[in-house]
Amino acid sequence: MKDTETKLQQSYRQILCAFLENKSEQGLYNAQQFTKKLLEQQISPEELVSLHCAVIDELFPTLPEEVQDSFDFLLEVMIGYGLAYREHQSLRDRQRELESEIEVAANMQQTLLPKVTPSIPSLDIGVLSVPANKMSGDYYHYVQDDYDCIGIAIADIIGKGVPAALCMSMIKYAMDSIPEQCPQPSELLENLNRVVEQNIDDSMFITMMYGYYHSTNHEFRYSGAGHEPGFFYHAEEDTFEELYAKGLVLGLSKKTKFREYYKKVKPGDFIVFLSDGVTECRVDDRFIEREEIINLIRKYLHFDAQEMVNRVYYELAKLQGFNLRDDFTLMILRRKV
């Protein structure tokens, strides 16, 4: 160890002397190369200052006492700086690790969402899901059978980041394991609730709405687990009705039962599922009213379902200065005439 210190001091002395004699660019370049050697040997900033002090003391032994004292002062400063710098580097490395983990989780989330919108002859379907940040707590899912009947789900995972992504994957695979002959919505939520209650932390829970559209008789049955109510549009009356579904959030109690609701869907009628990122859009110092959302949807009734969803999102994002404060998910299923 002593030999290493002596060699470093000799090398530093040669480089410093050469620079003081010539003050050339080559001297500065040699100093930079020497710095790389110090990094390889993990020499701290305060050790470098100590090395410089030792060489200066050797080269200029008659320096004023005040100058020598200033080097001692600098050494103390660098000891504190070195500790703070290493802590900063450690935090930065940890931040990079977290960012990498979040990137992986965000990519995983994208693979969990449906790749394509189901094609149902009797339905026009539109959906848009936009995360407020890299990670999203919103989730939606389709389950289509061989008879063009479709189950639709929208969920909001209370809790963000990597745990939300893992929770999302659990929901997806739990729903994918359900037979194509979809059970009643209330039964599906009860099955999911048992899975969630057994597998997630007490600090997390999930809100969800699940509906099943029967393409033969055009009936829509749905149940809710504490999720934001959607809307039902009656084309004949040109009226909107709140799609309310009472029920506890998933994961609170293993024995929770869910009530089932029923709607007859006529030509032109449509169902709206949404997340609270839609209804809790902030405009200045207030939240947007549900009636304002209805008016926005009504404004674009003449478009197809996907264009309706896109335009409503654009209007709400514009009101927020295109800076979403919460994840946004909007789904519309309209019966074709």
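Some values worked out for this structure:
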read-out: Test result for LEU74, touching a helix residue (DSSP H, G or I) at 6+ places or on another chain (Cβ under 8 Å), modelled with pLDDT under 80 and assigned to a helix (DSSP H, G or I); value: yes
read-out: Residue under evaluation PHE60, criteria (1) under 19 Å from ILE15 (Cα atoms); (2) loosely packed, with under 15 Cβ neighbours inside 10 Å; (3) touching a residue at least 24 places away in the same chain (Cβ under 8 Å), criterion not met; value: (3)
read-out: So ASN217, is it surrounded by 22 or more Cβ atoms within 10 Å (Cβ to Cβ) and not hydrophobic (A, V, I, L, M, F, W, C); value: no
read-out: Residues (touching a helix residue (DSSP H, G or I) at 6+ places or on another chain (Cβ under 8 Å) and surrounded by fewer than 17 Cβ atoms within 10 Å (Cβ to Cβ)) located in the range 301-310; value: LEU301, PHE303
read-out: CYS17 being in a helix (DSSP H, G or I), in contact with a helix residue (DSSP H, G or I) (Cβ under 6 Å, 6 or more places away or on another chain) and at pLDDT 80 or above; value: no
read-out: Residues satisfying the stated conditions in the range 321-332, i.e. buried (at least 17 other Cβ atoms within 10 Å of the Cβ) and either over 14 Å from VAL127 (Cβ atoms) or of a type in the set (Asp, Glu) (or both); value: LEU324, ASP326, ASP327
read-out: Residues (more than 19 Å from the chain's Cα centre (by Cα) and either at pLDDT 95 or above or among the aromatic types (Phe, Trp, Tyr) (or both)) located in the range 314-337; value: TYR314, MET331, ILE332, LEU333, ARG334, ARG335
read-out: Residue in the range 80-97 that is hydrophobic (A, V, I, L, M, F, W, C), within 30 Å of PRO131 (Cβ to Cβ) and in a helix (DSSP H, G or I) present; value: yes
read-out: Lone qualifier among GLU280, GLU260, GLU291 - being modelled with pLDDT of 90 or more, under 16 Å from VAL312 (Cα atoms), in the same structural domain as TYR139 (by TED's automatic domain parsing) and charged (D, E, K, R); value: GLU291
read-out: Qualifying residue in the range 24-45 (condition: surrounded by 15 or more Cβ atoms within 10 Å (Cβ to Cβ), of a type in the set (A, V, I, L, M, F, W, C) and touching a Cys at 6+ places or on another chain (Cβ under 9 Å)); value: no
read-out: Leading residue by the ranking (nearest to the chain's Cα centre (by Cα)) among those in the range 248-280 that are surrounded by 22 or more Cβ atoms within 10 Å (Cβ to Cβ), part of a loop (DSSP other than H, G, I, E, B) and of a type outside the set (Ser, Thr, Tyr); value: GLY251
read-out: Selection status of GLY277, among the small types (Gly, Ala, Ser) and under 22 Å from SER129 (Cα atoms); value: yes
read-out: LEU189, sole failed condition from (1) of a type in the set (A, V, I, L, M); (2) more than 14 Å from ALA155 (Cα to Cα); (3) over 23 Å from the mean Cα position of the chain (by Cα); value: (2)
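Results for (1) surrounded by fewer than 16 Cβ atoms within 10 Å (Cβ to Cβ); (2) closer than 30 Å to ARG325 by Cα; (3) in the same structural domain as SER275 (by TED's automatic domain parsing), shown as yes or no for each residue.
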| residue | (1), (2), (3) |
| --- | --- |
| ALA18 | yes, no, no |
| ASP72 | yes, no, no |
| ILE102 | no, yes, no |
| SER119 | yes, no, yes |
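The values are calculated or read from the model by the stated rules, or taken from the named source; none is laboratory data. All figures in this text were calculated on a predicted structure; none of them were measured in a lab. As a convention, Cβ positions derive from the backbone with ideal geometry for all residues, glycine included, and neighbour counts pool all protein chains shown.
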